[in-house]
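See below for the structure under consideration.
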Amino acid sequence: MRRSLLGAALACLCLLARPLAAGTRIAVDAGHGGGDKGSVAGSQVEKDWTLKFTKALTQSLTSAGYDVTAVRVKDDLIPYDKRFEILNTAGAAVALILHADRESTGKTRGPFFVVQPPQSGTPASDEGLPEAGSLPLSRYKQSLQLARQLALATGVSPKFSPLSDPRALAGDVSSPDGRILAVPHQSLRYIALPAVVIEPLFLTNPEDLELFGTDAAIQAFAQKITQGLGAYLRGEGK
Amino acid sequence: MKRTVLIRVALGLLAVLGAILWRHERMRGFGGDRPKPAPVSESGLWVSGDKPATIFVRVLVPSVGEVQTLPALIHRSQSRLDQMKQSVLAYLNAAGNSKARSLAPKGTVLNEMYLTDAGTAAVDLSVPLDPEFGFMEEAQFVEGLNHALLQNFEEIKRVRILNDGRESGTLTGHFALGTYENLTNTSPGKKPDE
């Protein structure tokens with residue numbers, strides 16, 4: 001009797017000690033690919049960078065014990081509808097989608113994170129559309145899906161320094177530091193689970209390119225994302 | 001006998017196929033291959049004697065690497081729609097300011113614009129697919145266009161952007177158009193100069 005109680009207690013302890021990551025599936029996707037190069041800045045091509053970061057993130061997540069579904073693992077073109085199907089049916093807890101940005105002044109630096117604002121309905125007619133100016137970020141929090149996405153973005157982002165130049169689109173669609181934007185992104189359009197677009201760098205910024213010039217630096221970035229994700233999944237920082 | 005029947009059936013099938021193909025080509029002539037309308041030209045939107053009016057549009061100022069809102073002059077044409085078209089052109093042309101740059105991809109033109117009774121401005125653009133255009137730039141371009149109309153014209157409640165006459169998921173590949181067009185947090189629009 002005593003022995004069986006001890007066994008049960010040990011089993012409970014083992015379960016408690018079991019890392020949260022085990023059995024948790026994360027979906028990752030590298031934006032663009034194949035004939036779709038994404039943004040280009042000189043010799044820098046977005047599809048190559050997204051694949052580099054996705055591979056590093058896959059490795060980091062796997063090392064931390066997560067199960068990973070990677071949508072794009074080589075340089076091929078996967079249509080958006082196929083991507084959405086894979087991401088939505090993988091049984092994943094969250095989706096992390098990698099992109100890289102560019103802009104003409106060369107001054108803006110990453111990283112930044114994008115979440116999808118709530119849909120306002122298909123504008124087939126004027127009926128049911130919100131009035132202009134009625135959707136500041138504070139009100140987005142009324143949307144459960146957006147709240148989950150914001151929590152995810154906040155979870156994976158705090159370990160990074162703020163953008164050097166937030167260039168916020170409008171004050172109410174970005175977080176105070178300009179690092180998280182609630183702006184509609186094509187890669188998030190039909191994703192039903194909490195998802196965030198991660199944009200580690202600007203292809204037009206020399207410092208960003210230098211910062212991520214080595215595999216080790218990309219791996220370190222991926223580890224920060226993995227740590228932040230762990231905190232999000234444990235419910236920290238809600 | 002049997003051979004003749006087969007030949008007749010084959011000829012009949014060919015005739016049906018020919019008719020289908022002819023109809024398809026005819027429909028293409030009416031729809032898919034429509035010639036593009038000529039871009040809207042500013043000179044046709046006002047007449048001499050129309051007073052100037054000040055509007056505000058967003059531009060990129062490369063020297064500081066910032067998006068700023070600058071004044072731009074349009075003409076107070078009799079047609080309110082023509083004033084709106086001038087606003088879009090002023091936005092696409094960076095307010096005519098040589099020190100500023102337009103937020104639109106190079107080569108973007110305004111084809112046509114309509115305003116519904118319910119206040120939806122449908123703006124038909126031709127936007128070149130520019131690989132040197134990122135997500136943030138695309139978002140700023142769309143937000144800037146929304147701003148140019150919503151901020152300057154009180155009767156516009158929302159903006160719908162078309163690309164070459166068609167609803168499009170995205171203009172240059174990143175920003176999701178369609179259901180989120182009204183994100184710009186602008187105060188209710190004003191009449192030019194008010």
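Derivation of every value follows stated rules applied to the coordinates shown; laboratory data play no part. From a predicted model like this one, the values you see are computed outputs, not experimental measurements. Glycine gets a Cβ as well: all are built from the backbone with ideal geometry, and neighbour counts include every protein chain shown.
Which of the peptides A:61-71, B:39-49 is most tightly packed, and how do the rest follow, judged by the mean count of other Cβ atoms within 10 Å per residue? Walk me through the numbers on the way to the answer.
Working: A:61-71: 18.6, B:39-49: 12.5.
Peptide ranking by packing, descending: A:61-71, B:39-49.
Using θ = phi - 60° and the Karplus relation 6.51 cos²θ - 1.76 cosθ + 1.60, list the HN-Hα couplings for region B:108-122 in order, rounded to whole Hz, with x at every Gly or Pro.
6, 10, 8, 8, 6, 8, 10, 10, 7, 4, 7, x, 8, 8, 9
What's the average, rounded to a whole number, of partner chain beta-carbon atoms within 10 Å of each residue's beta-carbon in A:35-45? Please report the intermediate quantities before stating the final value.
On the way: counts 0, 2, 2, 5, 12, 5, 3, 1, 0, 0, 1.
Other-chain Cβ atoms within 10 Å of each residue's Cβ, averaged: 3.
Taking the mean number of other Cβ atoms within 10 Å as a proxy for protection, how do you rank A:225-235, A:194-204 from highest to lowest? Write out the running numbers ahead of the final one.
On the way: A:225-235: 19.0, A:194-204: 26.2.
Packing order, densest peptide first, comes out as A:194-204, A:225-235.
Rounded, prolate or oblate: which fits region B:42-167, taking a ≥ b ≥ c as square roots of the Cα gyration tensor eigenvalues, rounded meaning a/c under 1.5, else prolate when a/b beats b/c? If you can, show how the numbers build up before the last one.
Working: a/c = 1.70, a/b = 1.21, b/c = 1.40.
Oblate, since a/c reaches 1.5 and b/c is not below a/b.
Can you give the extra length, in nm with one decimal, that the chain gains between B:Leu17 and B:Gln68 once fully stretched, where that is 0.36 nm per residue apart less the Cα-Cα distance?
Working: separation 51, 0.36 × 51 = 18.36 nm, distance 5.94 nm.
Taking 0.36 nm per residue and subtracting the Cα distance, the gain is 12.4 nm.
Each residue of region B:53-64 in turn: what ³J(HN,Hα) in whole Hz from Karplus with 6.51, -1.76, 1.60 and θ = phi - 60°, glycine and Pro shown as x?
Per residue, the Karplus-derived 3J(HN,Hα) values read 9, 9, 10, 10, 9, 8, 9, 9, 9, x, 4, 10 Hz.
Would you mind calculating the gained length between B:Ser168 and B:Glu155 on full extension (0.36 nm times residue separation, minus the Cα-Cα distance), in nm to one decimal? Write out the running numbers ahead of the final one.
Values: separation 13, 0.36 × 13 = 4.68 nm, distance 2.46 nm.
Gain on stretching B:Ser168 to B:Glu155: 2.2 nm.
Using modelled backbone amide H atoms (1.01 Å from N, in-plane), which distant-in-sequence or interchain residues come within less than 5 Å of A:Gly38's amide H?
Excluding prolines and chain starts, which carry no amide H, the hits are A:Gly33.
On a C-alpha basis, how far is the centre of region A:75-105 from the centre of region B:88-166 in Å? Whole number, if you could?
27 Å
What ³J(HN,Hα) values, in whole Hz, does the Karplus curve 6.51 cos²θ - 1.76 cosθ + 1.60 give for region A:30-37 when θ = phi - 60°, with x put for Gly and Pro?
My calculation for region A:30-37 gives 8, x, 6, x, x, x, 8, 6 Hz in order.
State the extension gain, in nm to one decimal, for the chain segment bounded by B:Gln78 and B:Lys99, taking 0.36 nm per residue of separation less the distance between their alpha-carbons. Display every interim value, and only then the final one.
Working: separation 21, 0.36 × 21 = 7.56 nm, distance 3.09 nm.
So the chain would gain 4.5 nm between B:Gln78 and B:Lys99.
Please compute the average number of Cβ atoms from other chains found within 10 Å of each residue's Cβ in peptide A:181-193.
5
Is there a simple number for the mean count of other chain Cβ atoms within 10 Å of the Cβ of residues in B:136-143, and what is it? Could you put the intermediate results ahead of the total?
Working: counts 14, 8, 5, 8, 6, 0, 3, 4.
Rounded to a whole number, the mean comes out at 6.
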